[in-house]
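This report refers to the structure that appears directly beneath it.
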Amino acid sequence: RYEPTWGSLDARPLPAWFDEAKFGVFIHWGVFSVPSFGSEWFWWYWQKEKREPYVKFMDTNYPPGFSYEDFGPLFTAEFFDPNQWADILKASGAKYVVLTSKHHEGFTLWGSKYSWNWNAVDVGPKRDLVAELATSVRNRTDLHFGLYHSLFEWFNPLFLEDATNAFNTSKFPTSKSLPELYEIVTKYQPEIIWSDGDGNAPDTYWNSTGFLAWLYNDSPVRDTVVTNDRWGAGSICAHGGFYTCSDRYNPGHLLPHKWENCMTIDRGSWGYRRDARLRDYLPVEDLVKQLAETVSCGGNLLMNIGPTHDGRIAVVFEERLRQVGSWLQVNGEAIYGTKPWRAQNDTVTPAVWYTFSPKEGKVNAIFLNWPVSGILELGEPRAKLGETQVKLAGYRELLKWVALGEKGMVIALPQLTPQQMPCQWGWTLQLTDVD
């Protein structure tokens with residue numbers, strides 16, 4: 001049994017499914033999806049920091065005295081079709097999904113008994129959005145279902161009182177935050193608890209180790225659940241299951257501990273923004289690059305979308321997810337279930353990233369630029385004459401190659417028309433019998 005100490009909890013082995021999955025989709029959805037302006041931090045920027053664009057937006061478009069709480073009934077989700085969402089998630093090639101069950105605004109997407117009149121069953125959709133998505137994902141896909149949960153809430157009076165007391169009182173975690181965590185685990189059995197938002201309070205204030213000990217010992221998901229590292233000030237990148245270290249974290253080198261790169265397709269926001277421009281959305285080439293870089297360095301990629309207040313996954317997000325899915329249909333062997341190789345990227349040709357498939361004993365070289373010459377030089381593999389074979393994923397015939405001394409090889413790529421290309425962005429060479 002695990003003790004409620006970091007020493008004991010950090011020694012728990014990460015369930016194997018998470019490292020094998022490699023790719024997940026993050027979904028930021030909540031009352032902030034109603035103004036859908038600027039950022040999911042809308043309430044904080046408008047009311048606390050009083051940032052000019054947010055104040056002006058409210059003054060121009062809403063009557064005087066309109067409060068953030070008034071957005072609650074406008075979070076309607078009338079177009080939310082959980083089966084459609086599940087089908088898009090499946091088509092993306094993702095192996096897990098993480099839904100924001102509650103963001104820093106405190107609004108819960110399930111009918112929490114600890115969030116009276118500020119939840120999706122009492123206000124707005126009048127639906128248990130967490131339950132509906134969990135059911136559809138489990139019935140229609142093989143994705144693991146996870147939940148994001150914010151520890152703190154910006155304007156909750158109990159949290160503000162504890163903060164005033166320098167966190168020597170703990171009214172908020174004992175009456176709100178912890179009961180919610182136990183509630184979502186017992187009710188929905190998520191296989192990921194993605195914690196966030198420590199409010200500058202230490203993990204002792206949140207009793208994070210007490211909760212995690214229960215999660216790992218006695219909860220219904222004790223054998224399969226994975227957790228991240230955001231359990232109180234100072235725990236990030238130091239304690240918990242996998243490390244996130246920061247938002248959009250992509251170190252570009254191998255880390256000794258399992259980690260995740262959580263990033264957004266919309267460069268500027270996690271929640272949906274009506275004011276986003278096309279250039280704000282990362283093109284699929286960038287998403288494939290992020291996936292290749294992240295996985296080669298031992299990480300998982302958690303790619304975020306923000307649905308609309310009425311429950312739609314905007315067409316631009318759906319397109320990006322389906323594009324990544326089509327890329328994975330061809331190149332998935334270089335991603336799923338792989339391990340980092342001895343080299344992460346190539347020493348001679350930039351934008352070549354390596355992974356290793358242990359079952360097949362294959363080295364995968366994912367190259368992001370197709371050379372004009374049709375010749376690709378790799379500095380890392382040690383090829384063996386008469387033994388090493390080179391294949392292009394999605395193309396039938398073996399490729400010709402020449403060794404460059406002890407280390408390195410030159411590979412002749414097939415001459416293909418754009419229509420014959422196995423995919424459009426990023427390609428995989430599968431090398432067998434290389435040291």
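The values are calculated or read from the model by the stated rules, or taken from the named source; none is laboratory data. The shown structure was predicted, so the numbers you read here are calculated from the model rather than taken from an experiment. Reconstructed Cβ throughout: ideal geometry from the backbone, glycine too, with neighbour counts over all protein chains shown. In case anyone asks, the SASA skips ligands and DNA or RNA and just uses the protein heavy atoms, side chains included. Shrake-Rupley method; radii C 1.70, N 1.55, O 1.52, S 1.80 Å.
Considering only MET263, SER195, VAL123, and ranking their Cα positions along the charge dipole of the range 109-267 that arises from unit charges at the beta-carbon of Lys, Arg, Asp and Glu, the one farthest toward the positive end is VAL123. In the full protein context, the range 339-432 carries 53 Å² of accessible surface per residue, based on a 1.4 Å probe and ignoring ligands, DNA and RNA. Note on LYS56 and TYR114: their simple-model spin labels are 4.1 nm apart, each label 7 Å out from Cα toward Cβ. Beta bridges from DSSP with both residues in the chain: antiparallel share about 50 percent, rounded to the nearest 5. Counting only lysines at least 8 places from LYS48 when in the same chain, those with an alpha carbon closer than 19 Å to its own are LYS56.
Backbone phi angles across the range 203-220, fed through the Karplus curve with coefficients 6.51, -1.76 and 1.60 (θ = phi - 60°), yield HN-Hα couplings of 5, 5, 5, 7, 6, 4, 5, x, 5, 5, 4, 5, 4, 7, 9, 10, 6, x Hz in residue order; Gly and Pro are listed as x. Shown for the range 312-435: the carbon plus sulfur share of the solvent-accessible area, taken with all protein chains present and a 1.4 angstrom probe, equals 50%. Evaluating 6.51 cos²θ - 1.76 cosθ + 1.60 at θ = phi - 60° for every residue in the range 412-417, the Karplus couplings come out as 8, 7, x, 8, 10, 6 Hz, glycine and proline recorded as x.
Taking a ≥ b ≥ c as the square roots of the Cα gyration tensor eigenvalues, with a/c under 1.5 meaning rounded and otherwise prolate when a/b beats b/c, else oblate, which class fits the range 339-432?
Working: a/c = 1.38, a/b = 1.30, b/c = 1.06.
Cα axes put the range 339-432 in the rounded bin.
Surface exposure of the range 110-201, expressed per residue as accessible area with a 1.4 Å probe, stands at 40 Å². For TYR2, the solvent-accessible surface computed with a 1.4 Å probe is close to 60 Å², ligands and nucleic acids excluded.
A Förster distance of 35 Å, applied to the separation of the beta-carbon atoms of SER67 and LEU278, puts the FRET efficiency at 0.60.
Ranked highest first by average number of other Cβ atoms within 10 Å, how do 160-171, 101-112 line up?
Working: 160-171: 14.2, 101-112: 25.3.
Per-residue Cβ counts within 10 Å, averaged per peptide and sorted highest first, yield 101-112, 160-171.
The aspartates and glutamates whose alpha-carbon is closer than 13 Å to the alpha-carbon of LYS113, local same-chain residues fewer than 8 away aside, are ASP122, ASP128, GLU180, GLU183.
Report the calculated FRET efficiency for ALA351 and THR169 (r = Cβ-Cβ distance, R0 = 56 Å), to the nearest 0.05.
So the FRET efficiency works out to roughly 0.60.
Modelled this way, with points 7 Å down the Cα-to-C-beta line, the labels at THR204 and GLU377 are 5.9 nm from one another. Scanning residues 5 or more positions from PHE356 or on other chains, those with amide H under 5 Å from its amide H are LYS339, TRP341, ASN364, with H placed 1.01 Å from N in the peptide plane. Straight Cα distances below 20 angstrom link LYS407 to the lysines LYS362, LYS384, LYS391, with same-chain residues fewer than 8 positions distant left out.
Here the simple spin-label model places points 7 Å from the Cα toward Cβ, and for ASP247 and GLN419 these points are separated by 4.5 nm.
Scoring 411-419, 190-198 by mean Cβ neighbours within 10 Å over their residues and listing the highest first yields 190-198, 411-419.
With charges only on Cβ, +1 for K and R and -1 for D and E, what is the dipole size of the chain about its Cα centre, in debye, rounded to 20? Mind dumping the intermediate values first?
On the way: 41 positive and 51 negative charges, 134 e Å.
Its charge dipole is roughly 640 debye.
The string of couplings for the range 145-160 from the Karplus curve (6.51, -1.76, 1.60, θ = phi - 60°) is 9, x, 10, 7, 9, 7, 5, 9, 9, 3, 10, 5, x, 5, 5, 4 Hz, one whole number per residue in order, with x for Gly and Pro. Of the peptides 215-223, 45-53, 116-124, the order by per-residue mean of other Cβ atoms within 10 Å, starting with the highest, comes out as 116-124, 215-223, 45-53. Cα centroids of the range 279-346 and the range 362-392: 23 Å apart. Over the chain, dividing the summed -39,500 (n - 2.57) contributions of all DSSP H runs of at least 4 residues by the number of residues returns a 222 nm mean residue ellipticity of -7000 deg cm²/dmol. Running Debye on the chain with equal point scatterers at the Cα sites and no solvent, what base-10 log of I(q)/I(0) appears at q = 0.07, 0.09, 0.11, 0.12 Å⁻¹? Per q value, in the given order, log10 I(q)/I(0) is -0.38, -0.61, -0.87, -1.00. The residues of the range 1-88 present an accessible area of 47 Å² per residue when probed at 1.4 Å with all protein chains retained.
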